């Protein structure tokens, strides 16, 4: 009899969790479209036990949406969500601890939460931890561990995060795996990651042959684009390669960059045009 009562109670709890999660998903979908309704639904989902919704309320307070901006209250909600098992909240709580936003800066406390979020498969957590392990000096207490960094960055790069794609490309480059390096740097550059653009430009230029005009022009174009975004390594590379760049190559690269910018602007304007009714 006791087992039957326990199983029935568990069934009711699962139904409540399912309802709370449904409310959370509805609230999240409304953010930016109907913020007042999104906030009310998020509150209700949190009251009904959604850890994701606890973290969701943290987002409202961190951004000052529907409520006055309050970093301390945001951190409090992120912590509640994290303790409740929300992977996204674990990432956000780790982030505010690392930045000291609304709480005392505390890398030692942040790291276990970042690990949990990365282990749960949150790409942004995998990226942040992977980059820290790759560089070895981004987060206090995280030493350089290249093999683990590669595994985490591979996952976040495959999820489409450009900074991870750039870092993974650099890792393969250090291993003299040129094809893999170029593949991932191209993915980062396609998303206009300025470091990806710069690193791809350098790779293409240094690996191009004197007669490979197309590859050289493409390399210069990426470097010019990265330089225009304020990337110092691109500016330095252009200065270093300047004696080997022909004026015609530079001109063609500039023309291609302008052409791509115009096409991009046209595509963006077309997607914003309202659809006509039949």
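Filtering region 76-95 to residues that are surrounded by fewer than 24 Cβ atoms within 10 Å (Cβ to Cβ) and assigned to a helix (DSSP H, G or I) leaves 76, 79, 80, 83, 87, 88, 95. For region 211-232, check the following and say yes or no: at least one residue is over 28 Å from residue 131 (Cβ atoms), loosely packed, with under 15 Cβ neighbours inside 10 Å and in contact (Cβ under 8 Å) with a residue 24 or more places away in the chain. Yes: one or more hits.
Among the candidates 169, 173, 196, 201, which residue alone is buried (at least 23 other Cβ atoms within 10 Å of the Cβ), outside the structural domain of residue 250 (by TED's automatic domain parsing) and touching a residue at least 12 places away in the same chain (Cβ under 8 Å)?
Working: 173 fails: buried (at least 23 other Cβ atoms within 10 Å of the Cβ); 196 fails: outside the structural domain of residue 250 (by TED's automatic domain parsing); 201 fails: outside the structural domain of residue 250 (by TED's automatic domain parsing).
When all the criteria are applied, what remains is 169.
Considering 208, 198, which residue is in contact with a helix residue (DSSP H, G or I) (Cβ under 8 Å, 6 or more places away or on another chain), within 29 Å of residue 146 (Cβ to Cβ) and modelled with pLDDT under 95?
Values: 198 fails: modelled with pLDDT under 95.
Exactly one residue qualifies, and that residue is 208.
The values are calculated or read from the model by the stated rules, or taken from the named source; none is laboratory data. Keep in mind that this is a model prediction, so the values were computed, not measured. In this analysis, Cβ positions are derived from the backbone assuming ideal geometry, glycine residues included, and neighbour counts consider all displayed protein chains.
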